[in-house]
Amino acid sequence: MTDSVLVEVLRGDVVESVHRGCVAVVDADGGTVLEIGDIERPVFPRSAVKAIQALPLVETGAADAYGFKDKELALACASHSGEAAHVELASAMLAKAGLDVGALECGAHWPTSQQATVKLAGSGGSPTALHNNCSGKHSGFLCACCHSGIDHHGYVKAGHECQKMVCEALEGVTGARHGADNRGTDGCSIPTYAVPLKNVARGFARMATGIGLAPARARAAKRLMEACMAEPFYVAGSGRADTKLMEAAPGQIFVKIGAEGVFCAALPELGLGIALKCDDGAGRAAEVMVAAVLAKLLANDAALAGQLTGFANPMLRNWNGIEVGRLRPSAALTSANALSAVAPIPTFS
């Protein structure tokens, strides 16, 4: 099955490039609300599932034991930009568990924020593992280990008790099998699993509503989702799509990017989870896709839908600041119809 073109790139008024992809919008019971492309195809959701991977941090009691609030929980779910506030908070999280940067096994890279990189290089500094966009997630893993009395060394390996807890959370929430045969290694060295896009979307509907989860897990999920929506800067960073989309509708939209053109999102008030994949891995197209889908699902709020539609139609400018083109969702995306009515549902009863 060949996925449809969902995003077009225009130079002037001529389509210069296109991006294909697939989209799943699902409720917590597995009912499909919107389906574009092959949503049964396994994909690696990568960092888009960090909120699910953070469940053990809360469920083990580590978050409470170390006094973590919304900012720390949001950072544990983050692909942050390596800005000073992100680095400082990750370091502080580790310190609560009696650890420092040396305990991180995610590797080091320059901040993804150009401004943060220039500032760090200009001061004569070098990047550490704290600048890694996944350092908040890894700090959460380490805190869960320390609080639970688990030797944290090698915590990134599939056979480590930490990753066994993470794998169980992923399987329990998405309902998809996570095994050795569908396992890969993520950029930050932890396991990542290829599962059907529909299952990932259902997982975020469950995270957003608590439906289908045991009471303790439902409470942990609610806490993490609310923390991310309350502190979107710590989920991503200045000017990032995740941050801007959540800031557009505080408490109404959860969204999280993953590498290679993946986005996951949730609309708690509607009880819906969203997962999408841009086939060629282009982040710019995935951002258009998720904004367009959110605009469609939130069409009853004209002002918000208009703002989201603006995000879905970004302008392209050259180095002189001249407008040279734009990205836009294709007709296949904008005309796709929901398969069932979208109405508010009760959550976390």
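The values are calculated or read from the model by the stated rules, or taken from the named source; none is laboratory data. It should be emphasised that the depicted structure is a prediction, and the values quoted were computed from it without experimental measurement. Neighbour counts run over all protein chains shown; Cβ positions are idealised from the backbone, glycine included. Ligands, DNA and RNA are stripped out before the accessible areas are found, and what is left, the full protein with its side chains, is counted by its heavy atoms. Shrake-Rupley method; radii C 1.70, N 1.55, O 1.52, S 1.80 Å.
What the table below lists for this structure:
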read-out: Residues that are of a type in the set (Gly, Ala, Ser), within 24 Å of Asp151 (Cβ to Cβ) and outside any helix (DSSP H, G or I), drawn from segment 96-120; value: Ala97, Gly98, Gly107, Ala108
read-out: So Ser349, is it polar (S, T, N, Q), at pLDDT below 95, in a loop (DSSP other than H, G, I, E, B) and open to solvent by 70 Å² or more (accessible area, probe 1.4 Å); value: yes
read-out: Checking Met93 against (1) open to solvent by 10 Å² or more (accessible area, probe 1.4 Å); (2) assigned to a helix (DSSP H, G or I); (3) without any contact (Cβ under 8 Å) to a residue 60 or more places away in the chain, the condition it does not meet; value: (1)
read-out: Selected residue [without any contact (Cβ under 8 Å) to a residue 12 or more places away in the chain and either small (Gly, Ala, Ser) or out of contact with any helix residue (DSSP H, G or I) (no Cβ under 8 Å at 6 or more places or on another chain) (or both)] from Ala265, Ala214, Ala218; value: Ala214
read-out: Any chance Thr209 is polar (S, T, N, Q), buried (at least 21 other Cβ atoms within 10 Å of the Cβ), closer than 16 Å to Ala48 by Cβ and modelled with pLDDT of 95 or more; value: no
read-out: Members of segment 111-122 that are free of Cβ contacts under 8 Å to residues at least 60 places away in the same chain and surrounded by fewer than 17 Cβ atoms within 10 Å (Cβ to Cβ); value: Gln114, Val118, Lys119, Ala121, Gly122
read-out: Top-ranked residue in segment 123-170 [being hydroxyl-bearing (Ser, Thr, Tyr) and in contact (Cβ under 8 Å) with a residue 24 or more places away in the chain; ranked as farthest from Leu55 (Cα to Cα)]; value: Thr128
read-out: Filtered residue count, segment 142-169, keeping only those that are open to solvent by 10 Å² or more (accessible area, probe 1.4 Å) and part of a helix (DSSP H, G or I); value: 8
